[in-house]
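**Q** Here it is, the structure, as structure tokens.
Each value in this text was obtained by applying a stated rule to the coordinates, not by laboratory testing. What you see is a predicted model, and the numbers here were worked out from it, not measured in a lab. Here the Cβ positions follow ideal geometry from the backbone for every residue, glycine too, while neighbour counts run over all protein chains shown.
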Amino acid sequence: MAADKKTKLLARQLFKLSVVDDQVSAEQVSGVLAWVEKHSPRQSLSLLRIYQRLIATELSRSQALVSHAGSLPDGVLARIGQAMTKKYHRMITPSAKPDPSLIAGIRVRVGDDLYESSVAGQLAALSA
Amino acid sequence: MSNVIEQIEQQIAKLSTKAVKRNTGHIRTVADGVAKIDGLSEVMYNEMVQFPGGTIGIALNLEQDEVGCVVLGDVSQLKEGDEVTTTGKLLSVPVGKALLGRVVDALGAPIDGKGPIDSKETYPVEKIAPGIMARKSVTQPLFTGIMAIDSMIPIGRGQRELIIGDRGTGKTTICVDTIINQARINKVGIASGNKDFRPVYSIYVAVGQKQSNVVRTISALEAAGALEFTIIVAATAADNPANQYLAPFSGAAIGEWFMENGMDALIVYDDLSKHAVAYRQISLILKRPSGREAYPGDVFYLHSRLLERAARLDGKGSLTALPVIETQAGDVSAYIPTNVISITDGQIFLETDLFNQGIRPAVSVGLSVSRVGSAAQIKVTKQVGGKLKGELAQFRELAAFAQFGSDLDAKTKATLERGARIVELFKQPQLNPLAIEVQASILWTLQKGYFDTIEVKSVVQAAVSLREYLTARRDSLLTAIRTKAALSPEIEADLKAAAEEWKATFAAK
């Protein structure tokens, strides 16, 4: 069942309560979940799904997911984290994820933004 | 050799290690040709987005936490979670003379099986119409080749003239005749070697039509030798609503190239009723608020921004638009017809009753008007056709009155007789446009009373005979009328001699 306007609005309000100093607060999220469980507002399932999506989007904005082919040299991950923190004016936590399909190079994802510096990406651009 | 080196350097540059930034999102839902996307936080309104498999879409709804995109292609390959990227580009179509003689889809891709189009330029599909200062008033004629229109409802280059009527009243036929006439004039003009001659290139946009109808139109243009001056943009009933919505804008972009490069073009939107329906479909799927007849609130702006792109530019060329609207049971006061009537510079109204009476083209003289075309009418047409509209209006009024009584004075009888002959004279077979000099000659013959002694039922036959006589035996006279574009005493004397000779031969048959 699609969420109605009131549910969407409530989910957004709960999301705002969960963010403290531009960061998702685990404590606040627990509080929100406890409130939902206790009061069971209408369309609880839709509410929680929207809330989850908003939290996931916010979390992805604070994370730099570094996909890489082969091994990542020492200190690269930390440098990427520093560069992204400076660029986005917020604390960005880097995390590495091996991905052999890239052939060589890296791909960094911060929220909706994707930084492509892999051979697979360049080959795809050439073939387009 | 340096060219080869440059090519290699460009390839190396493409493979450089510099990181490329892209804004991405993920498909949340796909339904009815519309995808709802999470992410794409930097997407712009009307920006092209790239789906997997090379499919493209346009971002039309930018909401707080999702983006609504219409998919311009096969949606069957798309699924939830697929990555979508922004392109930073507005939707563009190839433009230029390379498209002449080709049939393309709403994205400018060829669909006629004649191979790729060698076009070097692209124009954005959505563009702001030329401003006030860039424009020039309409003063040059655009002949349709249809006597009833060229003499009473003249069209000028840069004008927007609506063609409106019920289904099956000959709207498309008028448009196709006009395109064929442009091709005929182009061929004569180019063959004459006149440096000042400006050909008119035509663009025919088919929106939501049956594919068989589009094929018929293409065949008619091909048979008349008009396809070489024509571009066909087809978004048929089989295409998705997004393509049907875009096709007129793509056609306008193709036409604008001619206009901005100092050439003249004619664009036919066949038809905008189906275009509005396609837009309504998209808007409802995008969950935009609906208004009258369930059309979205911006359906007026949809057509006004499209038709405002037709113009005559100062120091450049022109784009003349012939939008077509299909009415239901002759109701011109419906939502979309009134919108387009108010946007255009006049309308040609086609009546079902006239069509069924055998008066074809079924132009309703009373309801048809050209608001700016008279300034573009050439002198010869004004000289021979200036009084026609009044005479026909008088005839219609008296014909209705005469039904109640048989005692009519001589003047009334003469008006009725003349009116009946004008109506007959304006009957014209389809795909057979007449040159303006032939039209002028026939109308002059009528005005001078040469048709008065011919029976009403024989007027059509007499007009055909006169046309054949003039083209076969008085070519120099027709050339003189065409080049001078006015009736001088010498030309009138020649016309008189020709008319008398023709009348003698016609009466002898």
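**Q** Can you list residues from other chains, or at least 5 along the same chain, whose modelled amide H is less than 5 Å from the amide H of B:LEU142?
**A** B:ILE155, B:GLY156, B:ARG157
**Q** Against the empirical 2.2 N^0.38 Å scaling, what ratio does the C-alpha Rg of chain B come to?
**A** 1.12
**Q** Order these by the 10 Å Cβ neighbour count, fewest first: B:ILE481, B:ILE341.
**A** Ranked by crowding around the Cβ, least crowded first: B:ILE341, B:ILE481.
**Q** A follow-up question, please. Could you identify which residue out of A:VAL110, A:VAL76, A:VAL66 has the top mean-square fluctuation in a GNM of chain A using Cα springs shorter than 10 Å?
**A** Judging by the Gaussian network model, the answer is A:VAL76.
**Q** Still on this structure, I have one more. Along the charge dipole of chain B, pointing to its positive end and built from +1/-1 on Cβ of Lys, Arg, Asp and Glu, which listed residue (B:SER476, B:ALA334, B:MET133) has its Cα farthest out?
**A** Final value for the positive-end residue is B:SER476.
**Q** Could you estimate the translational diffusion coefficient of the stretch B:259-414 from the Stokes-Einstein equation, with Rh from the Kirkwood formula over C-alpha pairs, at 20 °C and 1.002 mPa s, in whole µm²/s?
**A** D, rounded to a whole number, is 114 µm²/s.
**Q** To the nearest 0.05, how large is the calculated FRET efficiency for B:LYS382 and B:ASP32 if R₀ is 41 Å and r is the Cβ-Cβ distance?
**A** According to the calculation, E is roughly 0.20.
**Q** Let me ask something additional. With each run of n ≥ 4 DSSP H residues scored as -39500 (n - 2.57), what mean residue ellipticity at 222 nm is computed for the protein assembly as shown after dividing by its residue count and rounding to the nearest 500 deg cm²/dmol?
**A** Result for the protein assembly as shown, helices only: -13500 deg cm²/dmol.
**Q** Another question about this same structure. What value in Å³ per residue do you get for the convex hull of the alpha-carbon atoms in chain A?
**A** In chain A, the Cα convex hull volume per residue is 151 Å³.
**Q** OK, next. Over chain B, what is the percentage of antiparallel beta bridges among all DSSP beta bridges, to the nearest 5?
**A** If I count the DSSP bridges inside chain B, around 55 percent turn out antiparallel.
**Q** Another question about this same structure. Using only Cα atoms, find the angle between the long axis of helix A:5-18 and the longest principal axis of chain A, and express it within 0 to 90 degrees, rounded to the nearest 10.
**A** Roughly 70 degrees, rounded to the nearest 10.
**Q** I'd like the distance between the alpha-carbon centres of the stretch B:144-194 and the stretch A:88-109, rounded to an integer number of Å.
**A** One Cα centre to the other: 62 Å.
**Q** A further question follows. Relative to the longest principal axis of the C-alpha atoms of chain A, give the angle of the C-alpha long axis of helix A:76-88, reported between 0 and 90° and rounded to the nearest 10°.
**A** The helix A:76-88 is inclined about 50 degrees to chain A.
**Q** Taking Cα pairs under 8 Å and at least six residues apart, what relative contact order does chain B come out at, in percent?
**A** 15 percent
**Q** When A:ILE80, B:ILE155 are ordered from fewest to most other Cβ atoms inside 10 Å of their Cβ, what list results?
**A** A:ILE80, B:ILE155
**Q** Shifting gears a bit: Placing unit charges on C-beta atoms (Lys and Arg positive, Asp and Glu negative, everything else neutral), compute the dipole magnitude of chain B about its Cα centre in debye, rounded to 20.
**A** Around 1040 debye, computed over chain B.
**Q** Using Cα atoms only, what is the angle between the long axis of helix B:388-402 and the major principal axis of chain B, expressed in degrees (0 to 90) to the nearest 10?
**A** 70 degrees
**Q** For chain B, with the dipole built from +1 on Lys and Arg beta-carbon atoms and -1 on Asp and Glu ones, taken about the Cα centre, which of B:SER374, B:ALA504, B:ILE153 lies farthest toward the positive end?
**A** After comparing all options, I get B:ALA504.
**Q** Then there is this: Please give the average number of partner chain Cβ atoms lying within 10 Å of the Cβ of each residue in A:114-127, rounded to a whole number.
**A** For peptide A:114-127, the averaged partner shielding equals 3.
**Q** Right, another one. Only four residue types carry charge here, +1 at the Cβ of Lys and Arg and -1 at the Cβ of Asp and Glu. Report the dipole size of the stretch B:20-74 about the Cα centre in Debye, rounded to the nearest 20.
**A** 200 debye
**Q** Roughly how far apart, in whole Å, are the Cα centres of the stretch B:196-263 and the stretch B:294-343?
**A** The two parts, judged by their Cα centres, are 17 Å apart.
**Q** Restricting to the protein assembly as shown, what percent of DSSP beta bridges are antiparallel, rounded to 5?
**A** Given both bridge residues lie in the protein assembly as shown, the antiparallel proportion sits at roughly 60 percent.
**Q** Return the sequence-ordered ³J(HN,Hα) values of the stretch B:138-144 in whole Hz as given by the Karplus equation 6.51 cos²θ - 1.76 cosθ + 1.60 applied to θ = phi - 60°, using x for Gly and Pro.
**A** 3J(HN,Hα) across the stretch B:138-144, in whole Hz: 7, 9, 9, x, 10, 7, 8.
**Q** Report Rg/Rh for the protein assembly as shown, rounded to two decimals, where Rg is the Cα radius of gyration and Rh the Kirkwood radius.
**A** Result for the protein assembly as shown is an Rg/Rh of 1.12.
**Q** Now for a different question. Name the residue from B:LEU227, B:HIS275, B:GLY208 whose Cα lies farthest towards the positive end of the charge dipole of chain B, charges +1 on Cβ of Lys and Arg and -1 on Cβ of Asp and Glu.
**A** B:LEU227
**Q** Also, I was wondering about something else. Go ahead and collect, in residue order, the members of the stretch A:93-120 whose backbone nitrogen is under 15 Å from a label point 7 Å along the Cα-Cβ direction of A:SER71.
**A** A:98
**Q** How many angstrom lie between the Cα centre of the stretch B:381-437 and the Cα centre of the stretch B:32-96?
**A** Cα centroid of the stretch B:381-437 versus Cα centroid of the stretch B:32-96: 57 Å apart.
**Q** So if I place +1 on the C-beta of Lys and Arg and -1 on the C-beta of Asp and Glu, and nothing else carries charge, what would the dipole magnitude of the protein assembly as shown be about its Cα centre? I want it in debye, nearest 20.
**A** I would put it at about 540 debye.
**Q** Summarise the long-distance tail of P(r) for the stretch A:1-41 by giving the % of C-alpha pairs beyond 14 Å.
**A** Cα-Cα pairs in the stretch A:1-41 separated by more than 14 Å: 51 percent.
**Q** Sequence-distant or interchain residues sharing an amide H contact under 5 Å with B:TYR123, placed H: which?
**A** Amide H neighbours of B:TYR123, under 5 Å, 5+ apart: B:VAL93, B:VAL95.
**Q** Further question: What ranking do A:MET84, B:MET44 get, fewest neighbouring Cβ atoms within 10 angstrom at the top?
**A** Least to most surrounded, the residues fall as B:MET44, A:MET84.
**Q** With r defined as the distance between the Cβ atoms of B:ALA420 and B:GLU260 and R0 fixed at 41 Å, what FRET efficiency is calculated, to the nearest 0.05?
**A** Once the sixth-power term is evaluated, E becomes 0.30.
**Q** If you take each beta carbon of peptide B:21-31 and count the beta carbons of other chains within 10 angstrom, what is the mean?
**A** 2
**Q** Report the residues of the stretch B:271-295 in range of a label on B:LEU367: point 7 Å along Cα→C-beta, backbone N strictly under 17 Å from it.
**A** Within reach of a label on B:LEU367: B:272-273.
**Q** On to the next question. For the stretch B:400-509, what is the convex hull volume of its Cα atoms per residue in Å³?
**A** So the per-residue hull volume is 130 Å³.
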